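The values are calculated or read from the model by the stated rules, or taken from the named source; none is laboratory data. Everything numeric here is computed off the predicted structure, so don't read it as measured data. Every residue, glycine among them, receives a Cβ derived from its backbone with ideal geometry; neighbour counts consider all protein chains shown. What goes into the accessible areas is simple: the full protein's heavy atoms, side chains included, and nothing from ligands, DNA or RNA. Shrake-Rupley method; radii C 1.70, N 1.55, O 1.52, S 1.80 Å.
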Amino acid sequence: MYRKEKPLPLKSSASSLTNNLTVFISPEKGSMSYAVVHKSVVNVISSSLDGSTVTNRQVVCKEPSAVQQNTPMVIQAKWISLPNRTVLVLTSLRGIQMFESDGSAMIYWHALGDPSSSDTQDQTNYGRGIAGVGDSFICVGTQIGEIHVFNVPAKGTNIMLKESLVGHKHPICDLTSGPNKLISSDEQGNIFIWSLQPNGSLKQTGSVMGKGVPCSSLVLWNDIIVGGYGDGQLRVYCAKTAKLAATVNAHARWVNAIDVAPETGRILSVSEDTFAKVWQLKEGTLPEIEYKYSESVTDLQLVGGQFIQKGGRGFCVTGYDNSDITFFVQN
C-alpha cells in the first residue's frame with residue numbers, strides 16, 4: 001500500500017518525546033516544513049514540494065530574562081495554522097514560546113513556574129499539548145492540568161493570555177481541535193471535550209474518565225475522537241456523546257503519536273514497538289475503525305508520525321536517537 005522513500009537528514013537526532021514531529025505545508029510558498037525536537041533545540045527542515053531544494057534551520061529555546069540564560073529542555077514543537085496566521089509554538093520546562101512560521105523571530109514568551117519559589121511544586125510547570133481553536137485562539141496544556149488560551153492577532157506581537165481552563169487534575173498529554181471544539185487528554189487517560197461559546201470562551205461539555213493509562217496523543221475527525229494510549233491501545237469515541245465506540249490493541253508498546261488525514265479519515269499511529277500503522281475511520285452512530293497497513297522501521301522506537309498530504313497518500317515518521325525523517329508514499 002505504501003513504499004519507503006528517500007529520508008531527509010536532520011542536523012541532530014530526535015529526543016524521546018511523544019508527538020515529536022510536526023509538519024507544515026505551505027502551498028503559496030511551494031514548500032513543506034518539518035520540525036523535530038532535540039533537547040533544547042528544534043530542528044526545522046524546509047523543502048520544495050518536488051524535493052529539489054532543502055534548507056535547515058535550528059530554533060533554540062532561550063528564556064528572554066537576563067537572570068536565566070540557560071537553555072531549557074523543549075517538550076513539544078507544533079505549527080498551528082489559524083485562518084489568518086501560522087505560528088510555530090514551542091513548550092519547554094520553563095514556558096511557552098511562539099515564533100513566526102519559519103522560526104526566524106520570537107513573537108511571544110509566557111513563563112511557566114517560578115524557579116525562585118521555595119516550594120518545589122511551584123518551581124516547575126512544563127507545557128505540553130498544543131492546538132488552535134476558532135479564528136484566533138491557541139491553546140497550550142500544562143503540567144498542573146490547566147489549559148492556557150492565548151488570543152493571537154493576525155499580525156504583530158500583541159498576544160494575550162485570554163483564560164486558563166481548569167478541569168484536569170493531572171498533567172496534560174495532548175490537545176486536538178475541530179471546528180469550535182477542543183479535546184484534551186491527561187496522564188490518567190481522562191479526555192475532556194470543550195466547546196467554543198458565542199462569547200468566545202471555552203466551556204467543558206463532555207468527558208471520558210480514564211483508567212490510569214496516559215492518553216499520549218489525540219486526533220479529532222468529523223466528531224470522532226481517537227486516542228493513542230501508553231498500553232498500546234487506540235480508542236475511538238463519539239465526540240457528541242463521549243461514548244466509547246471501539247478499542248484496538250494496535251501496538252505492543254506505548255503509542256507515541258497519531259495523526260488523521262482530514263480528507264479521508266485515515267489514521268496513522270506510531271509506537272515504541274517500531275511499527276507505523278494506518279487505519280480507516282468509518283462514520284456512523286457508533287464509529288468504526290479498520291486496519292489497513294503496517295510497516296516496521298527496524299530497530300527504531302518511533303516518536304513522531306504525520307501525514308504529508310490531506311488524503312493520507314503519504315506519511316513520515318521520526319525515531320528516538322535517529323537523525324532521519326523517514327517517508328512512505330502510496331503505491
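Close contacts from region 210-222, counting a first residue that is touching a residue at least 24 places away in the same chain (Cβ under 8 Å) and a second that is assigned to a strand (DSSP E or B) and open to solvent by 30 Å² or more (accessible area, probe 1.4 Å), with Cβ to Cβ under 8 Å and a gap of 6+ residues or different chains, come to 213/233; 220/177; 220/181. When the criteria are applied in full, residue 222 meets the requirement of being open to solvent by 70 Å² or more (accessible area, probe 1.4 Å), within 30 Å of residue 136 (Cβ to Cβ) and not β-branched (Val, Ile, Thr).
Scanning region 169-200 for residues that are open to solvent by less than 10 Å² (accessible area, probe 1.4 Å) and not in a strand (DSSP E or B) gives a single hit, 189.
Name the single residue, out of those in region 158-168 being under 16 Å from residue 206 (Cα atoms) and in a loop (DSSP other than H, G, I, E, B), that is most open to solvent (accessible area, probe 1.4 Å). Break it down stepwise before answering.
Of region 158-168, the ones under 16 Å from residue 206 (Cα atoms) are 165-168.
Then keep just the ones that are in a loop (DSSP other than H, G, I, E, B); that gives 166-168.
Working: 166: 106, 167: 18, 168: 9 Å².
Among those that are under 16 Å from residue 206 (Cα atoms) and in a loop (DSSP other than H, G, I, E, B), it is 166.
Of a type outside the set (Lys, Arg), within 23 Å of residue 177 (Cβ to Cβ), modelled with pLDDT of 95 or more and open to solvent by 50 Å² or more (accessible area, probe 1.4 Å): is that true of residue 204 in this structure? Lay out the reasoning, then the answer.
Values: of a type outside the set (Lys, Arg): yes; within 23 Å of residue 177 (Cβ to Cβ): yes; modelled with pLDDT of 95 or more: yes; open to solvent by 50 Å² or more (accessible area, probe 1.4 Å): yes.
So residue 204 fits the description; yes.
Selection over region 1-50 of residues that are under 20 Å from the mean Cα position of the chain (by Cα), touching a residue at least 60 places away in the same chain (Cβ under 8 Å), surrounded by fewer than 22 Cβ atoms within 10 Å (Cβ to Cβ) and part of a strand (DSSP E or B) gives a count of 6.
A count restricted to region 258-311 and to residues that are in contact (Cβ under 8 Å) with a residue 60 or more places away in the chain, farther than 16 Å from residue 324 by Cα, of a type in the set (A, V, I, L, M, F, W, C) and open to solvent by less than 10 Å² (accessible area, probe 1.4 Å) stands at 2.
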